[in-house]
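The block underneath contains the structure these notes are about, expressed in structure tokens.
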Amino acid sequence: PYTEAANKITDDIDVCDVAGIFEKLKQCDFEMFEPKGQQQYFFQTLFHDDVIEAISKVANIAADIMTSQTPNAIVISGCGTSGRVAFLTARSLNKIVPGEKFRYTIAGGDKALFTSQEAPEDNRKAGVNDLIKSTIDDVKVLYIGITCGLSAPYVAGQLDYCMDNLDKFVPVIIGFNPVYLARKNPIYDWDKTFYDVVTRLERLTSQRKGFLINPVLGGEAITGSSRMKGGSITMVILQTIFTHALNGVLTSSDMTSQLECKNLLKSYQNTCRLFYESSTTTVTTLMTSATQSLKSNSSVYYVSSGGSGVLGIVDSTECIPTYGASLDDVRGFIVGGYGEFNNAEGDIGSLGKNYQIGCDDLSKLLKLRDLEHNDTILVVAKSWDDPVLNEIQVEKDLGTQLKLVAASQSNVYVVVIDTEQGKREKNMPDYVAKLFVISIDLNEELLSENLIEICSKWIFNAVSTGAHVLIGKVFRNYMVDLKVSNQKLFHRSIGIIQRFCPSVSEQEAMTYLLKSIHDVTNVDDVMHRSIKDHVLRATPKDKVVPTAIVMATTKCDVTQARQLLSKYHVIRDALSSVVTP
Ligand code: F1P
């Protein structure tokens, strides 16, 4: 699948310096709008007529629901980053559309907004139950399921349920593979695969009873890391649908409607270009600082307000399963905490520190931190009026703490993304190491908040990706130290092992993976177990895939492989010692 394919642009990202990494991330993100390489000749991309037509049709249905008086709803749903983007979208639209019509469901519930909960992604029954629960009182529901890889069982279950109940649901799927590359692996406890379900949807599209929005984006910068381009284009598509719906789509003809959608999409493309043209120094400085922090066992903290606050939290959440990062390496905080976050289950801060997301939580955390730490604190503001800029003034609790940590080794950076060139209203507190202003000159009143928000996502994604690459968590452009925490990641791991040991078959690669997961030299006793069992055992374990790669390349046993890895601090160094170029 294209979402799991390695991208040629980032082949050697692991040996690049900050400037090189920034350049590659930029080229990869540009591909969201204009993919390079062979796929553009075979598959539809974002600006393909069919994609734009589907977006415009879905916007029409959304507009109907948004203006109707009957109890109708729009449910946006997904797993991991896709579910978090669903939440972000529902959250911001409920603020402007009366009637709380927007809902979200995410595999694993609200816990999954803050920490990775990948096992529930494989649970299609939980998907159905969550959907039924959130739409029990509704007459008509626009269901938008997001799964970048066209793969998540949680979404497959919901989609199938919608198609069984077409009198109530209009199903829409957003993903980034052609249908024939949808996942064909069996889904636990079911006789259908994702492929089966999405081909059923494809048949409905000709009758306009369902919609499929699946442009190809080109491979992710870090192979399979759909939190990056996948998450960004999901935001672009959802925001285009709903902005267009809010713009009064119902009064326009099909042609005009499609043209308007195209223009909205072009605004994002334009913003992406402007952002990358004006942010080189900002992002490379931040990447360097974040790298220093992670190298010295310190942390990277993001602080923002509103949607950018949510996006900072979303970015940090994915670092753990993607890079084997610790819970403390990268964390996000939002001005106003849960009061502002506005998730369905409310304040779940009592579940542990990773669910504590307010500025007061950060402030408490910094108070307890010894001054030896070399943290990077990144404050991203969406304008000079952004409340986060008040929050960091020294007379406030957080500001006072930041001043203290800045006096030691920690670095506090402020980025203001501004749409008005040259407008500077606030003086920064003295402790701020550097203020960056990214000016995005936009003529898009209505979209400007969304466009700035997505720029903050690109900043967070680039900083966390760059820093993890620079501390050696990536080998070539593969996330070799991923957590093997669900079916998709189990299969991705087999692919990664084969990538570095091309001589081993898929079956052999799986054998090495199982040896690593179960710590055995002979897999006879574990082979018959289900993938679900393997995943359960693998989830809490460290260095599962690197261990399997070492075994596969050197033909050693699991103990020897672990011994070799323990000699190295850096995964990349360990693997380059055994993998021949
Ligand atoms: C959902 C997801 C990703 C995450 C990881 C596990 O993927 O949670 O967001 O990064 O790859 O899967 P998808 O269903 O959107 O393809």
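The values are calculated or read from the model by the stated rules, or taken from the named source; none is laboratory data. Treat the numbers as computed from the prediction; the structure is a model and nothing was measured. All Cβ positions, even for glycine, are placed from backbone atoms using ideal geometry, and neighbour counts span all protein chains on display. Surface areas here come from the heavy atoms of the whole protein model, side chains and all, with no ligands, DNA or RNA. Shrake-Rupley method; radii C 1.70, N 1.55, O 1.52, S 1.80 Å.
Odds and ends about this structure:
- Checking 347, 328, 360 one by one, the residue that is assigned to a loop (DSSP other than H, G, I, E, B) and more than 21 Å from the chain's Cα centre (by Cα) is 347 and no other.
- Residue within region 402-412 that is open to solvent by 40 Å² or more (accessible area, probe 1.4 Å), among the polar types (S, T, N, Q) and touching a residue at least 12 places away in the same chain (Cβ under 8 Å) present: yes
- Restricting region 456-510 to residues that are open to solvent by less than 10 Å² (accessible area, probe 1.4 Å), within 14 Å of the ligand (Cβ to nearest atom) and of a type in the set (Gly, Ala, Ser) leaves a set whose member that is modelled with the lowest pLDDT is 485.
- Across region 77-120, the qualifying residues are those that are of a type in the set (Asp, Glu) and within 24 Å of residue 187 (Cα to Cα), and the one among them that is farthest from the ligand (Cβ to nearest atom) is 110.
- The C-beta contact set for region 319-332 (first residue assigned by TED's automatic domain parsing to the domain that holds residue 228, second residue surrounded by fewer than 21 Cβ atoms within 10 Å (Cβ to Cβ), distance under 8 angstrom, 6+ apart or interchain) is empty.
- Total residues in region 44-76, condition in a loop (DSSP other than H, G, I, E, B) and either within 16 Å of the ligand (Cβ to nearest atom) or open to solvent by 10 Å² or more (accessible area, probe 1.4 Å) (or both): 9
- Of the residues contained in region 164-173, one or more are found to be closer than 28 Å to residue 531 by Cα and either in contact (Cβ under 8 Å) with a residue 60 or more places away in the chain or not acidic (Asp, Glu) (or both).
- Within the option set 223, 243, 256, being open to solvent by less than 40 Å² (accessible area, probe 1.4 Å), in a helix (DSSP H, G or I) and among the hydroxyl-bearing types (Ser, Thr, Tyr) holds for one residue only, 243.
Residue-wise test of (1) in the same structural domain as residue 460 (by TED's automatic domain parsing); (2) of a type in the set (Ser, Thr, Tyr); (3) outside any helix (DSSP H, G or I).
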position: 86; (1), (2), (3): no, no, no
position: 95; (1), (2), (3): no, no, no
position: 103; (1), (2), (3): no, no, yes
position: 116; (1), (2), (3): no, yes, yes
position: 162; (1), (2), (3): no, no, no
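This table checks each residue for (1) within 23 Å of residue 470 (Cα to Cα); (2) open to solvent by less than 10 Å² (accessible area, probe 1.4 Å).
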{"residue": "516", "(1), (2)": "no, yes"}
{"residue": "522", "(1), (2)": "no, no"}
{"residue": "528", "(1), (2)": "no, no"}
{"residue": "550", "(1), (2)": "yes, yes"}
{"residue": "575", "(1), (2)": "yes, yes"}
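- For region 435-445, the condition of being free of Cβ contacts under 8 Å to residues at least 12 places away in the same chain and surrounded by fewer than 23 Cβ atoms within 10 Å (Cβ to Cβ) holds for at least one residue.
- Test: residue in region 120-133 that is at pLDDT below 95 and either of a type in the set (D, E, K, R) or not assigned by TED's automatic domain parsing to the domain that holds residue 235 (or both): yes
- When 356, 269 are screened for being in contact with an Asp or Glu (Cβ under 9 Å, 6 or more places away or on another chain) and open to solvent by 20 Å² or more (accessible area, probe 1.4 Å), only 269 passes.
- Looking at 198, 170, just one residue is more than 18 Å from residue 74 (Cα to Cα), away from the ligand (no atom under 11 Å from the Cβ) and buried (at least 22 other Cβ atoms within 10 Å of the Cβ), and that residue is 198.
- Among the residues listed as 278, 206, 232, the single one being open to solvent by 10 Å² or more (accessible area, probe 1.4 Å) and either without any contact (Cβ under 8 Å) to a residue 60 or more places away in the chain or within 16 Å of the ligand (Cβ to nearest atom) (or both): 206
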